[in-house]
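Here's the structure, in structure tokens; my notes come after.
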Amino acid sequence: MGFLAEPKIPVIHMVDMKKSRDCRDLVCSEVRHALEEYGCFFVVCNGSITEEVNREVFDVLETLFDLPMETKIKNTSEKAYHGYIGQLPFLPLLESMGIEHAASVHGLYAKLVSEIEETVRKIVFESYGLNKYHESYNESVTYLLRVMKYRPPNTNETKLGSMSHTDKTFISILSQNQVKGLEVKTKDNNWIPVIYPPSSFLVMAGDAFKVPEELVDDAHPRKFNSFDHFGYLDFYDKDSMFDQEYSHVKSFCGV
């Protein structure tokens, strides 16, 4: 009797993605396939971040979350989801804060994450033959470091840290402090546990990764109208179905 292999999130090495354009056709294909089939992949960055630096970053974040509540709620922003989030009745274990100037946490760490994002973005544009859009797209990019903590549940309290959702970003890059629980959903509605390889980050495509006009045709019809990303975040923040699993982006700008 044969057994079906359990699907695994693809793994791609940063050193391969940074090769010259003439030498990275294979990795372009791998990145595109990973995002189209899984919506995500691991980037392994051997030698880029030491265990010491990684520990320093998470120690700083631990100190941040240990601050008094009256201090943490001062982390506010006019932009939706750029400030403190917590004390939610339907997600009691979650606390989260937005840091717009990530270099203040750790410059080396922030530099690596932004380099991963820029490299992946450039490869995606290349793989679809859309290089001419990259420069203008690059000018509109903004970064936000969002840090999250899940406390242990109390007796008779839910163990659910976060509801199932899609990220509202263009690209999300995730790291975690040896805490398991994150899963991703495949096209056939199966859930895959996220098990990080050493020295890796998880790269995920978000709702806001828009498709240029050249890729819209009879075989691939338009599904969404053009939209402003911060407008979408504001819509999501005020959506009465915020705490439910459905396509928020389709509700906001679907055709």
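May I ask you to list the residues in the stretch 1-19 that are aliphatic (A, V, I, L, M) and either surrounded by fewer than 19 Cβ atoms within 10 Å (Cβ to Cβ) or at pLDDT below 90 (or both)?
Met1, Leu4, Ala5, Val11, Met14, Val15, Met17, listed by residue number.
Being touching a Leu at 6+ places or on another chain (Cβ under 9 Å), of a type in the set (A, V, I, L, M) and surrounded by 13 or more Cβ atoms within 10 Å (Cβ to Cβ), is that true of even one residue in the stretch 175-187?
Yes: the stretch 175-187 contains one or more residues that are touching a Leu at 6+ places or on another chain (Cβ under 9 Å), of a type in the set (A, V, I, L, M) and surrounded by 13 or more Cβ atoms within 10 Å (Cβ to Cβ).
Scan the stretch 209-223 and give yes if some residue there is at pLDDT 80 or above and surrounded by 15 or more Cβ atoms within 10 Å (Cβ to Cβ), otherwise no.
no
Looking only at strands (runs of 3 or more DSSP E) that fall completely inside the stretch 117-216, which ones have 3 or more residues that are farther than 24 Å from Asp25 by Cα?
145-150, 183-185, 191-193
Kindly indicate whether any position in the stretch 238-248 is farther than 25 Å from Pro10 by Cα, basic (Lys, Arg), at pLDDT below 90 and not in a loop (DSSP other than H, G, I, E, B).
Yes - at least one qualifying residue is present in the stretch 238-248.
Mind listing whichever residues of the stretch 89-116 are touching a residue at least 12 places away in the same chain (Cβ under 8 Å), surrounded by fewer than 16 Cβ atoms within 10 Å (Cβ to Cβ) and either of a type in the set (A, V, I, L, M) or at positive phi (or both)?
Result: Leu108, single match.
Please state which one of Glu95, Glu135, Glu118, Glu100 is acidic (Asp, Glu) and touching a strand residue (DSSP E or B) at 6+ places or on another chain (Cβ under 7 Å).
The match here is Glu95.
Note down all Cβ pairs under 6 Å where the first residue falls in the stretch 61-85 and is among the hydroxyl-bearing types (Ser, Thr, Tyr), the second is in a helix (DSSP H, G or I) and surrounded by 11 or more Cβ atoms within 10 Å (Cβ to Cβ), and they're at least six residues apart or on different chains.
Hits for this filter: Tyr81/Leu233; Tyr84/Lys72.
Residues that are over 21 Å from Phe209 (Cα atoms), surrounded by 17 or more Cβ atoms within 10 Å (Cβ to Cβ) and in contact (Cβ under 8 Å) with a residue 40 or more places away in the chain: does the stretch 117-128 have at least one?
No, the stretch 117-128 has no match at all.
The values are calculated or read from the model by the stated rules, or taken from the named source; none is laboratory data. Just so you know, these numbers come straight off a predicted model, no measurement behind them. Methodologically, a virtual Cβ is constructed for each residue, glycine included, from the backbone with ideal geometry; neighbour enumeration extends over all protein chains shown.
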